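Notes follow the structure.
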Amino acid sequence: MSHQPALATPHISLTPGESIFVLTGAGISAESGIRTFRDANGLWEEHRVEDVATPEGFAADPALVWRFYGQRRAQALTVQPNPAHRALAALEARLGPERFFLCTQNVDHLHEAGGSTEVLHMHGELFRTRCSDPRCPKLPFHDERHDFPTLPRCECGALQRPHIVWFGEIPFEMHRIKRRLQASHVFVTIGSSGAVYPAAGFVREMLYRRENGERVRTVYVGLERPENADAFDEVRLGPAGVLLPGLFAVEG
Ligand code: NAD
Ligand code: ZN
C-alpha cells in the first residue's frame, strides 16, 4: 500500500496488474510558460494556425513557418518542467513500461526534461527536422537551430521542414497508440481542450471497451471542462502542476 497524505478528492488508484494510458496536451506545459492555443484566442502566438501549422501554410510561406518554429524552439530552450511533468515521470518509474504509457500532443521536450524516459510524441517534436520530400531517405534529426537567415535545405535539394504533425496530417504511431489504449485499464487526459482529433477521440475507445464488458476508468484533469468532457467518468478541475503530484496511488 502507498502512504500518501489524504486529499479532499480520492486518488486515482491502480491495483496490481492494472495499467494506465496518459494523454497530455498543451495545458500540462502552461505552468512552465508555454502558451496553449486556448488562451490565445484562436491565434497561436499571434499567428493564424492555418498559416503556421498546416502543409498549405508551409507551401505558401516556408520562411514564415520556419521563423515561427524558430521562435518556438528559442522559447522552449528557456523553460523548465513543472511538478506535473515530474509527477508523471515518477509514476513511470514506479510502474515501469508495461503498466505505464505516456502519449503527448505536445511538441516540447518537457516530459523528457522532467524525467520521463518513454514518451510518444504523436504530433512530432519541436527539436527535430526532416526533409520535406517524403521520398527522401534522410531520417529526421535532432535540431536546435532557431535562426534561419536562409531556408534550410536537405542534401537532396528539397526544403527541410519541422518534424511536426500539422493540421491535416496524420499523427505518428497510431497503431502503437491503439494497442496501448486497448491494453490499459485507466485512461487519464491532462490539459487538452478535446477539440483536436484523433487525440480527442481516444477516450471513446475506452467507452467502446466498456460496452464490451471490460472494466475501464477515465479521468480528465485540467483547468476547465474540455469539449469532450461528457465522455469521461470524472473531470477534475485545477492546474495540472497542483493536481498531479499526489494524484495517483499505486497499490501493492
Ligand atoms: P489546447 O491549447 O487546445 O488546450 C489546452 C487545454 O489546457 C485547455 O483546455 C486549457 O483549459 C487547459 N489548461 C490551460 N492551463 C492549464 C493548466 N495549468 N493545467 C491544466 N490544464 C490547463 O491544447 P491541446 O488540446 O493540446 O491541442 C492543441 C494542439 O496544440 C496540439 O496539436 C498540440 O500539438 C499543439 N500545441 C502544443 C504546445 C506544446 O507543445 N506545449 C503548445 C501549444 C499548442
Ligand atoms: Zn531530402
Where the stretch 207-252 is the region considered: accessible area per residue in Å², 1.4 Å probe: 55
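Could you give the dipole magnitude of the chain about its Cα centre, charging the beta-carbon of Lys and Arg +1 and that of Asp and Glu -1, in debye to the nearest 20?
Values: 27 positive and 31 negative charges, 82 e Å.
Its charge dipole is roughly 400 debye.
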query: For the chain, modelled as a Gaussian network with Cα springs under 10 Å, which listed residue fluctuates most, E31, E169, E118?
result: E169
- prompt: By how many degrees, between 0 and 90 and to the nearest 10, does the Cα long axis of helix 174-183 differ from the longest principal axis of the chain?
  reply: 0
query: Angle between the Cα long axis of helix 202-211 and the longest principal axis of the chain, 0 to 90 degrees, nearest 10?
result: 40
- request: Give the angle, between 0 and 90 degrees and rounded to the nearest 10, that separates the Cα long axis of helix 83-95 from the longest principal axis of the Cα atoms of the chain.
  value: 60
- prompt: Among L139, G96, G124, whose Cα sits farthest toward the positive end of the charge dipole of the stretch 21-179 (+1 at Cβ of Lys/Arg, -1 at Cβ of Asp/Glu, about the Cα centre)?
  reply: G96
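Of all accessible surface on the chain at a 1.4 Å probe, what whole percent is carbon and sulfur?
53
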message: For the stretch 95-234, give me the percentage of DSSP beta bridges that are antiparallel, rounded to the nearest 5 percent.
response: 45
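The values are calculated or read from the model by the stated rules, or taken from the named source; none is laboratory data. Just so we're clear, the structure is a prediction, and the values are computed from it rather than from any experiment. Methodologically, a virtual Cβ is constructed for each residue, glycine included, from the backbone with ideal geometry; neighbour enumeration extends over all protein chains shown. Remember, those area values only see protein heavy atoms, side chains included, never the ligands or the DNA or RNA. Shrake-Rupley method; radii C 1.70, N 1.55, O 1.52, S 1.80 Å.
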